[in-house]
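The values are calculated or read from the model by the stated rules, or taken from the named source; none is laboratory data. Given the structure is predicted, the values throughout are model-derived calculations rather than measurements. Reconstructed Cβ throughout: ideal geometry from the backbone, glycine too, with neighbour counts over all protein chains shown. The accessibility values were calculated without ligands, DNA or RNA, using every heavy atom of the protein model including side chains. Shrake-Rupley method; radii C 1.70, N 1.55, O 1.52, S 1.80 Å.
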Amino acid sequence: MAEASSNAEDIKDCILESLILPESLSTDSNQVENALLPCMFCGQSYREEEKDGLLKHMIIDHKLVIADVKLIANFRRYILYWKKRFTEQSVADFCSVIRTNSQAPEDQQENYFLLCDVLPEDRILREELQQERLKKILEQQQRERSDTAFQRLCMFCNEEFKGNRSVLFNHMNEEHSFNVGLSDNIVYCNEYLDTLQEKIDRLQCLYCEKTFRDQNTLKDHMRKKQHRKVNPRNHEYDRFYIINYLELGKSWEEVQSEDDRELLDSNDDDWSDWEEHPVSAFCLFCDKHADTTEKLLFHMKDCHHFDLHKIKTDLGLKFYQQVKLVNFIRRQIHQCRCHGCQEKFQSKTELIAHMEKDNHIGILPERSLWDQPQYYFPTYENDSLLCTLSDSEEELSAQDQNEEIPVIGEDLTSLEALKKSSILNQLVRDMT
C-alpha cells in the first residue's frame, strides 16, 4: 500500500509537458475603489475623498511626507504596499530623514521622513501602478471605440445620434464648430459628455467658464468669442484624455510640447527595442510579476534574498547553465520541494515559509543535481525570464577580446621567400 502511495506521488510530481504561468494578477477595481484608505502606521482609516485628511494625519502624527502624491496612479495600492513594508523594516531604512529646528536644542528638534521615488523600490512601485492603470484605460477606450450601441442627443441642437460615438463628435465639429479633439483619444465618453452637458445646463461657457443669464446669451457669447472648445487649464477634463495616462509624471502639455522632429528625421531602422505587447516576467518563488527582467531581479533580491546575477557571476554560469538552473528551481517549487535541502511539503505556502525561515532560498544544491540535460526544457513554456538570460560578463569580455585579434594573411607574391620564412615550415620541421 505504501509503495502504491509512493508511485502515485511520483506520478503527481512528473511533468510531462511545459506548464503555463498565470496571467497578470488583477483585483476587482470596484471593490478597491470603494475601500477605505488605511494609515501606514496605525488603525486610522479614511474614505477615498478624504485622502488629504490621511496625508495630514501621517504628517502630524507619524512625521511622514509622501512626495508627488498626485502622480501616484493607485493611491490605495501604494498605501497598502508601504504599510506592509513598514511592518517588516524600519521607516528610516526607506525614507530620507529631514531634521527641523536643527539649530535648536535637541529636545526641540524633530525628524520627518520623506518617501519619494528617489528610492528605487518606490520608483518601481509607482511605475507598476502607472502601467496597470494605463492597461485598464486602454481596454476601456477600445470598448468605447468599438461600441455600436451609443445613443445620445447633441447638447447644442438636441438632434439624436445612434451608432458609434464618432458620429456625434463629427456632427458637433462640423455643424457647431465645437471641437474636443480626436474622438478616438477620449475615454469615459459618456461621463465626459455628461460633464459638458451639466455646464451647458448651468448656462456656463465651456471655455472661459463664465455664467450667463439665458441660453441665447450663452450661445451668442460662445459664437462671438470663438469659445467653442473646453478650457485646457481645467484639470477636471484630464481624466477623459488618453494622453494624460501615457507617461509617469508628465501632463498632457508636457507630452504635447516634446519635439519629435529628431525622431522623424532619423534614418535609423533599428526596431529591436520595440515592445508592442510587453510580457510579464514571473518570480521564481511567489506570484509577483514585472514588466521587465530588471524589476523582477530586484524583487527577488530584495524580497527573497535570491540574487541571480551574483549566482551567475560567482559560479561563472554560461547561458544554458542558467537556463537549467531556472528550470530546476521552477520545477522544485511546482512540486513543493525545497531546492536547497530537497524536503517535500504539502503546499507552496508551507514550502516558502520553510525556505524563508531556514534561509534556503539562496542555497543551491550540488551542481550535479540541477546541471542535467532534462532541465534544458522549460518548466513553463511562456517563461519570459529564460529569454533575457545572458552569459557571464567575463565570457562576454573574453569574446570581445578574441574578436578584436586581427588575422593577417601571408604575402603570396614571393613563393620562394614564403617557403623559407613561413611559420608552417617551422611547424613541419618540429613535427619531423
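Summary table below
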read-out: Checking residue 236 against (1) at pLDDT 85 or above; (2) within 23 Å of residue 73 (Cβ to Cβ); (3) surrounded by 13 or more Cβ atoms within 10 Å (Cβ to Cβ), the condition it does not meet; value: (3)
read-out: Residue that is closer than 21 Å to residue 158 by Cα and either assigned to a loop (DSSP other than H, G, I, E, B) or touching an Asp or Glu at 6+ places or on another chain (Cβ under 9 Å) (or both), where the choices are 233, 223, 213; value: 213
read-out: Selected residue [closer than 28 Å to residue 35 by Cα, assigned to a loop (DSSP other than H, G, I, E, B), among the charged types (D, E, K, R) and open to solvent by 30 Å² or more (accessible area, probe 1.4 Å)] from 117, 147; value: 117
read-out: Total residues in segment 145-184, condition closer than 20 Å to residue 227 by Cα and of a type in the set (D, E, K, R); value: 2
read-out: Residue that is nearest to residue 113 (Cα to Cα), among those in segment 63-80 that are open to solvent by less than 80 Å² (accessible area, probe 1.4 Å) and free of Cβ contacts under 8 Å to residues at least 40 places away in the same chain; value: 69
read-out: Test result for residue 83, in contact (Cβ under 8 Å) with a residue 40 or more places away in the chain and open to solvent by 20 Å² or more (accessible area, probe 1.4 Å); value: yes
read-out: Top-ranked residue of segment 313-341 - restricted to ones that are closer than 24 Å to residue 381 by Cα and among the polar types (S, T, N, Q), ranked as most open to solvent (accessible area, probe 1.4 Å); value: 321
read-out: Enumeration of residues in segment 206-230 that are open to solvent by less than 40 Å² (accessible area, probe 1.4 Å) and under 20 Å from residue 240 (Cα atoms); value: 206, 227, 230
read-out: Number of the exception - residue 211 against (1) in contact (Cβ under 8 Å) with a residue 12 or more places away in the chain; (2) on the phi < 0 side of the Ramachandran plot; value: (1)
read-out: Members of segment 73-106 found to be among the hydrophobic types (A, V, I, L, M, F, W, C), in a loop (DSSP other than H, G, I, E, B) and modelled with pLDDT of 85 or more, listed by number; value: 73, 94, 95
read-out: Residues being surrounded by 15 or more Cβ atoms within 10 Å (Cβ to Cβ), closer than 18 Å to residue 352 by Cα and either in contact (Cβ under 8 Å) with a residue 60 or more places away in the chain or among the polar types (S, T, N, Q) (or both) - total across segment 286-298; value: 2
read-out: Residue match in segment 135-150 (condition: touching a Ser or Thr at 6+ places or on another chain (Cβ under 8 Å), more than 18 Å from residue 83 (Cα to Cα) and either of a type in the set (Val, Ile, Thr) or in contact (Cβ under 8 Å) with a residue 60 or more places away in the chain (or both)); value: yes
read-out: Residue check for residue 203: in contact with a Cys (Cβ under 6 Å, 6 or more places away or on another chain), open to solvent by less than 40 Å² (accessible area, probe 1.4 Å), more than 23 Å from residue 244 (Cβ to Cβ) and of a type outside the set (Ser, Thr, Tyr); value: no
read-out: Pairs, first more than 19 Å from residue 160 (Cβ to Cβ) in segment 184-195, second part of a helix (DSSP H, G or I) and open to solvent by less than 70 Å² (accessible area, probe 1.4 Å), C-beta under 6 Å, six or more apart; value: 185/242; 186/240; 187/137; 187/140; 187/141; 187/242; 188/240
read-out: Flag if residue 170 is in a loop (DSSP other than H, G, I, E, B) and surrounded by 13 or more Cβ atoms within 10 Å (Cβ to Cβ); value: no
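Listed here are the residues, each with its yes/no results for (1) of a type in the set (A, V, I, L, M); (2) part of a loop (DSSP other than H, G, I, E, B); (3) without any contact (Cβ under 8 Å) to a residue 40 or more places away in the chain; (4) at negative phi.
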| position | (1), (2), (3), (4) |
| --- | --- |
| 300 | yes, no, yes, yes |
| 303 | no, no, yes, yes |
| 321 | no, no, no, yes |
| 328 | no, no, no, yes |
| 333 | yes, no, no, yes |
| 350 | no, no, yes, yes |
| 355 | yes, no, no, yes |
| 359 | no, yes, no, no |
